[in-house]
Amino acid sequence: MRGTVIGGKKICIMAGPCSVESERQLLMTAHAVAKAGASVLRGGAFKPRTSPYEFQGLGEKGLKLLAKARKETGLAIITELLSEDHVEMVADYADILQIGARNAQNFQLLIAAAKTGKPVLLKRGLSERIEEWLLAGEYILANGNPNLLFCERGIRTFETYTRNTLDLSAVPILKKESHLPVVIDPSQGAGRSDLVVAMCKGAVAMGADALLIEVHPNPAEAWSDGAQQLTLEGFAKLMEELRPFAVAAGREI
Ligand code: PEP
Ligand code: MN
């Protein structure tokens, strides 16, 4: 996919803002993450917000900005497919379709995503068991699409110190139960930018094939998920810190 392999020796880094907010915000982030070594740009144009009164995403305008960022940087694009109504539109722009935690068992959406033929990143549901997650993944595979990525993004537990509880044990379990690449999202996983570096190191040690990381030029002013996004400098520093961990795990970044 645009020269990027996921599931090989190199750990694929997907980075970018939680939401696409503006051309300036997205392009600044895209250039910075590309320079630091990311190969995929993330950014939500359709956002699954808990409250209907919060920012819902720029829609197609956001997709167009992602396409512009791809043209300028060469990064591949991952963005969330929120609804069956948007399948064709989102698939026209995206290189990878992200299915969010809140749609993890929306089987009709999974089938529609599979049928586009684009790679699909399937997040784990908020309270989804691994067995249920694997079966949700089967909906993609059984509909003729072998390009499936599983993404652990934390599950809901009794713990409130973190936004979610990142289940790193999912990595070796999924590796055992499937042949597919496993992605860790430490940003939704912890909900706290100060924990992202440690979560990434743990993910690399566990054998994750890719990391999906939220990065924003000014997290304090972000329109969504401000508390968990890294700054551009923070992301560059993370990449430097991760390199020796990747080597120790027999991988590269
Ligand atoms: C996101 O990636 O910004 C997101 C909404 O993720 P999740 O579906 O894991 O909550
Ligand atoms: Mn987010």
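Tabulated data for the structure shown
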| item | result |
| --- | --- |
| Around Tyr93: net Lys/Arg minus Asp/Glu count, Cβ-Cβ under 14 Å | +3 |
| Residues with amide H under 5 Å from that of Ile77, placed H, sequence gap 5 or more | Leu41, Asp95, Ile96 |
| Nearest-0.05 FRET efficiency for Ala142 and Asn218, computed from C-beta distance (R0 35 Å) | 0.20 |
| Among Ile11, Ile140, Ile173, residue whose mean-square fluctuation peaks in a GNM of the chain (springs only between Cα atoms under 10 Å) | Ile173 |
| Fewest-first sequence of Trp133, Trp223 by Cβ atoms within 10 Å of each Cβ | Trp223, Trp133 |
| The chain - percent relative contact order, Cα under 8 Å, separation 6 or more | 20 percent |
| Derived scalar couplings ³J(HN,Hα) [segment 180-193; Karplus, 6.51 cos²θ - 1.76 cosθ + 1.60; whole Hz; x for Gly, Pro] | 9, x, 10, 10, 10, 10, x, 6, 5, x, 9, x, 9, 4 |
| Which of His216, His179, His86, His31 has the fewest Cβ neighbours within 10 Å, and the rest in rising order | His179, His31, His86, His216 |
| Gap separating the Cα centres of segment 1-53 and segment 90-161, nearest whole Å | 17 Å |
| Exposure proxy ranking, count of Cβ atoms within 10 Å, fewest first, for Glu88, Glu80, Glu177 | Glu88, Glu177, Glu80 |
| Computed [θ] at 222 nm, helices only, for the chain once each DSSP H run of length n ≥ 4 contributes -39500 (n - 2.57) | -11500 deg cm²/dmol |
| Label-point separation in nm, Tyr53 to Arg243, each point 7 Å along Cα→Cβ | 4.8 nm |
| Net charge over other residues, Cβ less than 12 angstrom from the Cβ of Glu132 (K, R count +1; D, E count -1) | -1 |
| J(HN,Hα) series, segment 242-253, from Karplus relation 6.51 cos²θ - 1.76 cosθ + 1.60, nearest Hz, glycine and proline x | 6, 3, x, 5, 4, 4, 4, 8, x, 10, 9, 10 |
| Prolate/oblate/rounded call for the chain, Cα gyration tensor, a/c under 1.5 rounded | rounded |
| Amide hydrogen neighbours beyond the local backbone of Ile253, cut-off 5 Å, H modeled | Ile11 |
| Per-residue HN-Hα couplings for segment 61-76 [Karplus 6.51, -1.76, 1.60; θ = phi - 60°; Hz; x = Gly/Pro] | 4, x, 5, 5, 5, 4, 5, 5, 5, 4, 5, 6, 10, x, 5, 6 |
| Distant-in-sequence amide H partners of Val215 (H built 1.01 Å from N, under 5 Å) | Gly16, Cys18, Leu230 |
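Read-outs throughout are calculated quantities, based only on the coordinates presented, and are distinct from any laboratory measurement. On a predicted model such as this, the values are computed, not experimentally measured, just so you know. Neighbour counts are summed over all protein chains in view; Cβ atoms, including those assigned to glycine, are modelled from backbone coordinates with ideal geometry.
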